[in-house]
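Below: the structure, in structure tokens.
The values are calculated or read from the model by the stated rules, or taken from the named source; none is laboratory data. Computed from a predicted structure; not experimentally measured. Counting neighbours? That spans all protein chains shown, and the Cβs are built from the backbone with ideal geometry, glycine included. Just the protein is used for accessible areas: all its heavy atoms, side chains included, with ligands, DNA and RNA removed. Shrake-Rupley method; radii C 1.70, N 1.55, O 1.52, S 1.80 Å.
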Amino acid sequence: MPPQHGSPTVRRLRLGQELRLLRERRNLTGAKAARDLGWSPSKVSRIEAAKTMPSTDDIAALAKLYRVDGTKIEELFGLLRDAEQRGWWEDYEGSLPEEYTRFLGLEAEATVQRNWEPQIVPGTLQTEDYASEIILATRGIARITHSGVRSRVEARLARQQRVLHRQDPCELTVVLDESALMRRFGEPSVMRQQMEHLLEVSMLPHVRIHVLPLESLHPVNTGAFIHLKFSAFDDVVYLEQLYAADFVEDRGRVAGYETAFDRIQSEALEEDESRVLIQRKAMMWR
């Protein structure tokens, strides 16, 4: 069976968003709603921020306070049922950072993904051997066990199946710096296979791969980022760092990253030109 599309992470966010909008329509502050329900203010804020899963009794109490009708109540309960489902990534929670599992939950329902990567081949496009070498390169810093390395590689490969080969895949556009094709991880054969894999994936109809050549102008001085677009949710930008990750959700800042990606892509090679360059790099790794 093809991987199931949809994300309980997004359902949790939508549920929290709906509850916040219903409260605001009644001109209630979070503190006032909490007092009326006999709850702590933090409970209301955590439910709305999708940091705490409400129970069915919680939803019923909130619906009564906000005076919503039967149709809306059923919609809220439907979102709750979907939010309680497990995502595929939850099987790897023990070996993955919390921020990254949240990202995987968001990615599962994105309709468009735009990824700028100046240092390495992005995770969605990595071969198994290349991914292992990338993770091993940080093992002494992040203190990842041997089994942890294996689990992270498996999670990365599972993610690729969901992003690249699901029934209704998102539109994936990747711009990577030419230096990422030249920085060695593992034996030359690992790099050659990685280049060949890039060429293969670039032929998928929903994937566009561009390379920013070393001799081109670099229009924006920024590290790697992933911009996710959704059909019924505000855009999110994901920033990964050595020990943590951040999510940019402010609309103004997200728009800034969108502009940054457009400028970087404008300086990159077109898809066919990028394939020619990748092919040259594959021949170099022999």
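Of the listed requirements (1) outside any loop (DSSP other than H, G, I, E, B); (2) hydrophobic (A, V, I, L, M, F, W, C); (3) open to solvent by less than 50 Å² (accessible area, probe 1.4 Å); (4) modelled with pLDDT of 95 or more, Leu269 misses just one: (1). Residue count for the range 28-79 under the criterion of being aromatic (Phe, Trp, Tyr) and buried (at least 16 other Cβ atoms within 10 Å of the Cβ): the result is 2.
Filtering the range 243-254 to residues that are in a helix (DSSP H, G or I) and surrounded by 12 or more Cβ atoms within 10 Å (Cβ to Cβ) leaves only Val254. In the range 67-80, the residues that are under 18 Å from Ala33 (Cα atoms) form Cβ pairs under 7 Å with partners that are in a helix (DSSP H, G or I), at six or more places apart or across chains, as follows: Val68/Leu22; Ile73/Ala63; Leu76/Leu15; Leu76/Glu18; Leu76/Ile59; Leu76/Ala63.
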